[in-house]
């Protein structure tokens with residue numbers, strides 16, 4: 001997806017990730033230094049309401065190893081924890097060292113690496129029955145392909161599932177579109193996006 005599809009609303013380029021007030025929701029990591037988010041960094045923070053629905057689309061909870069391959073600020077991880085998922089079930093990948101350190105404060109393991117390189121390294125050795133992701137939109141096809149290469153039931157009877165937030169232009173005949181999101185979903189840019197799901201039966 002070309003970065004030219006983005007348009008910038010009249011909003012600041014710098015944001016600080018805020019701590020959430022509700023005690024029912026695990027606090028997302030607070031980042032004291034402002035992060036540039038937008039079309040260059042592609043760190044588009046998933047709103048918590050959207051992240052919560054994405055977790056629901058994964059299906060019933062269970063003893064599933066769950067991968068978040070582009071952990072960013074930890075929005076999807078926070079939603080997983082808020083829904084009752086154990087820290088021990090969650091594995092994250094984040095290449096940005098400051099973000100990786102902050103996500104680690106949520107108590108989940110963080111692999112500081114490029115997800116594409118990580119997937120290539122562990123393909124055939126590791127399976128994840130649950131994957132939830134908001135990949136970089138400019139490389140969405142590569143990231144979805146890499147995630148699919150790691151998707152597997154890993155001994156469970158239930159199908160393996162990927163839930164992903166992707167640009168509206170992404171198409172895959174094996175993916176089910178669950179929601180089309182408003183253009184103002186992200187606070188730092190205007191881009192059309194949707195939530196999709198892959199289900200692997202075997």
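The values are calculated or read from the model by the stated rules, or taken from the named source; none is laboratory data. Bear in mind that the values here come from a model prediction, so they are computed numbers and not experimental data. Glycine gets a Cβ as well: all are built from the backbone with ideal geometry, and neighbour counts include every protein chain shown.
Kindly establish whether residue 119 is free of Cβ contacts under 8 Å to residues at least 40 places away in the same chain and either in contact with a helix residue (DSSP H, G or I) (Cβ under 7 Å, 6 or more places away or on another chain) or in a helix (DSSP H, G or I) (or both).
No.
Scan the range 180-198 for residues that are surrounded by 15 or more Cβ atoms within 10 Å (Cβ to Cβ) and in a strand (DSSP E or B) and report the count.
Result for the range 180-198: 8.
Select from the range 162-173 the residues that are within 21 Å of residue 70 (Cβ to Cβ) and out of contact with any helix residue (DSSP H, G or I) (no Cβ under 8 Å at 6 or more places or on another chain) and list them in ascending order.
168, 171
Would a scan of the range 47-61 turn up a residue that is crowded, with 23+ Cβ neighbours inside 10 Å, part of a loop (DSSP other than H, G, I, E, B) and modelled with pLDDT of 55 or more?
Within the range 47-61, none of the residues are crowded, with 23+ Cβ neighbours inside 10 Å, part of a loop (DSSP other than H, G, I, E, B) and modelled with pLDDT of 55 or more.
Output the residues belonging to the range 83-100 that are within 23 Å of residue 139 (Cβ to Cβ) and assigned to a helix (DSSP H, G or I).
97, 98, 99, 100
Output the residue which, of all residues in the range 78-88 that are within 17 Å of residue 129 (Cβ to Cβ) and crowded, with 17+ Cβ neighbours inside 10 Å, is modelled with the lowest pLDDT.
So the residue we want is 85.
In the set 59, 72, 104, 84, which member is touching a strand residue (DSSP E or B) at 6+ places or on another chain (Cβ under 8 Å) and on the phi > 0 side of the Ramachandran plot?
59
Restricting attention to the range 140-163, and to residues there that are without any contact (Cβ under 8 Å) to a residue 60 or more places away in the chain and not in a helix (DSSP H, G or I), which single residue is nearest to the chain's Cα centre (by Cα)?
Across the range 140-163, the extreme among qualifying residues is 162.
Before we move on, is residue 97 at pLDDT below 95 and out of contact with any helix residue (DSSP H, G or I) (no Cβ under 8 Å at 6 or more places or on another chain)?
yes
Among the candidates 80, 106, which residue alone is in contact with a helix residue (DSSP H, G or I) (Cβ under 9 Å, 6 or more places away or on another chain), part of a loop (DSSP other than H, G, I, E, B), more than 22 Å from residue 191 (Cβ to Cβ) and touching a residue at least 24 places away in the same chain (Cβ under 8 Å)?
Within the list 80, 106, the selection yields 106.
Can you tell me which residue among 105, 142, 123 is closer than 30 Å to residue 192 by Cα and loosely packed, with under 15 Cβ neighbours inside 10 Å?
Matching residue, one of 105, 142, 123: 142.
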